[in-house]
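Asks: The structure follows.
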Amino acid sequence: MNTEKDEQLFKKRLLELARTAYNKNINTYTDFLTLNEISIFYSTKPELPDVKYELFGGFDGAERRILCFCGDSSVKAFSDYIACLKITPLNKKYSDDFSHRDFLGSIMNLGTTRGKIGDILVKDKEGYIYCESKLSYYLAENLEKIKHTNVRCEVIAGDAPALTPEFKEIKGSVASPRLDAVIALAFQSSRSSILSLISGGKVFVDGRLVESNSYQLKENETVSVRGYGKFIYNGLENQTKKGRYYVSLSKYI
């Protein structure tokens, strides 16, 4: 959200979708939401009608997720609402190296909006892109080139093995399992530099904005830091004789 006006419009949209689901007994959907938008939803939730909801981005651990207000309990919220595209170079040997930005730029050039696209995962010069199902076949038919490389694009069913996240295991001691201390360990930064990230609204825990550096992390919570990356806090392993805490993290790579 760039402005307070944008945030108010987003909250109004959430209220409209929740009311429609509640009053008409149907499922209603947002676009793919950012971490900040998901956090705003959680803060707005008490003001919304009492209707069940689900957040899903196409696979477990997705950062960008669609919010479904489940007004119709007989219909599975995400049975076929999200699709995954697999993008492969026609000749991988002579292919460019691709980044997340390369895939996103090529897709946006086809006229879609960012909200229709979920997470983009890149591995071994291949891309896996989550999007709304109704958009998937249009993209598959029209996405022919990434940078200077001709590519093949296909809609796949379910998760592919390549989508399994890769982690770097990090272990170390901290004064306490406070948010600022653990982030400093994860990204090898000083606690003082981390404080500005937390106060600047760049840190999210399980999709919720956290602006208190003294927040005590709980086992298996996922921490996302804008511009740095994300990790799973595995928890406390033991406590040293000097009273420090030895903790374990799984950092996404």
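Asks: Kindly evaluate PHE98 against the criterion of being surrounded by 13 or more Cβ atoms within 10 Å (Cβ to Cβ) and in a loop (DSSP other than H, G, I, E, B).
Replies: Values: surrounded by 13 or more Cβ atoms within 10 Å (Cβ to Cβ): yes; in a loop (DSSP other than H, G, I, E, B): yes.
It is true that PHE98 is surrounded by 13 or more Cβ atoms within 10 Å (Cβ to Cβ) and in a loop (DSSP other than H, G, I, E, B).
Asks: Also, I was wondering about something else. What are the residues in segment 212-226 that are open to solvent by 30 Å² or more (accessible area, probe 1.4 Å) and out of contact with any helix residue (DSSP H, G or I) (no Cβ under 8 Å at 6 or more places or on another chain), if any?
Replies: Narrowing segment 212-226 to residues open to solvent by 30 Å² or more (accessible area, probe 1.4 Å): 212-216, 218-220, 222, 226.
Across segment 212-226, the qualifying residues are LYS218, GLU219, ASN220, THR222.
Asks: Continuing with the same structure: Residues ILE38, ILE66, ILE107: which one is touching a helix residue (DSSP H, G or I) at 6+ places or on another chain (Cβ under 8 Å), buried (at least 16 other Cβ atoms within 10 Å of the Cβ) and not in a loop (DSSP other than H, G, I, E, B)? Walk me through how you get there before you give the answer.
Replies: On the way: ILE38 fails: touching a helix residue (DSSP H, G or I) at 6+ places or on another chain (Cβ under 8 Å); ILE66 fails: touching a helix residue (DSSP H, G or I) at 6+ places or on another chain (Cβ under 8 Å).
After ruling out the rest, the residue left standing is ILE107.
Asks: Right, another one. Please count how many residues of segment 12-28 are surrounded by fewer than 17 Cβ atoms within 10 Å (Cβ to Cβ) and within 22 Å of PHE204 (Cβ to Cβ).
Replies: Adding up the residues that qualify gives 1.
Asks: Residue under question is TYR81, and the condition is that it be among the aromatic types (Phe, Trp, Tyr), more than 15 Å from the chain's Cα centre (by Cα) and open to solvent by 70 Å² or more (accessible area, probe 1.4 Å); does it hold? Even if it seems obvious, please write down each step before you answer.
Replies: Numbers: among the aromatic types (Phe, Trp, Tyr): yes; more than 15 Å from the chain's Cα centre (by Cα): yes; open to solvent by 70 Å² or more (accessible area, probe 1.4 Å): no.
So TYR81 fails the test.
Asks: Restricting attention to segment 13-30, does a residue exist that is in contact (Cβ under 8 Å) with a residue 24 or more places away in the chain and under 18 Å from the mean Cα position of the chain (by Cα)?
Replies: Yes, that holds for at least one residue.
Asks: Starting from residues that are open to solvent by 40 Å² or more (accessible area, probe 1.4 Å) and part of a loop (DSSP other than H, G, I, E, B), keep the ones in segment 84-95 and report whichever is nearest to ASP50 (Cα to Cα).
Replies: Step one: list which residues in segment 84-95 are open to solvent by 40 Å² or more (accessible area, probe 1.4 Å), which gives 86, 90-94.
Next, from what is left, pick out any that are part of a loop (DSSP other than H, G, I, E, B): 90-91.
Numbers: LEU90: 50, ASN91: 52 Å.
Here the residue is LEU90.
Asks: Moving on to the next point. Among the helices (runs of 4 or more DSSP H) lying completely within segment 112-203, list those that include at least 2 residues that are open to solvent by less than 50 Å² (accessible area, probe 1.4 Å), closer than 30 Å to LYS92 by Cα and among the small types (Gly, Ala, Ser). Break it down into steps so the answer makes sense when it comes.
Replies: Values: elements: 133-142, 179-186, 191-199.
By residue number, 133-142.
The values are calculated or read from the model by the stated rules, or taken from the named source; none is laboratory data. Computed from a prediction, not measured in an experiment: that's the story for all the values here. Reconstructed Cβ throughout: ideal geometry from the backbone, glycine too, with neighbour counts over all protein chains shown. When the accessible area is computed, the model is the full protein with side chains, heavy atoms only, and any ligands, DNA or RNA have been set aside. Shrake-Rupley method; radii C 1.70, N 1.55, O 1.52, S 1.80 Å.
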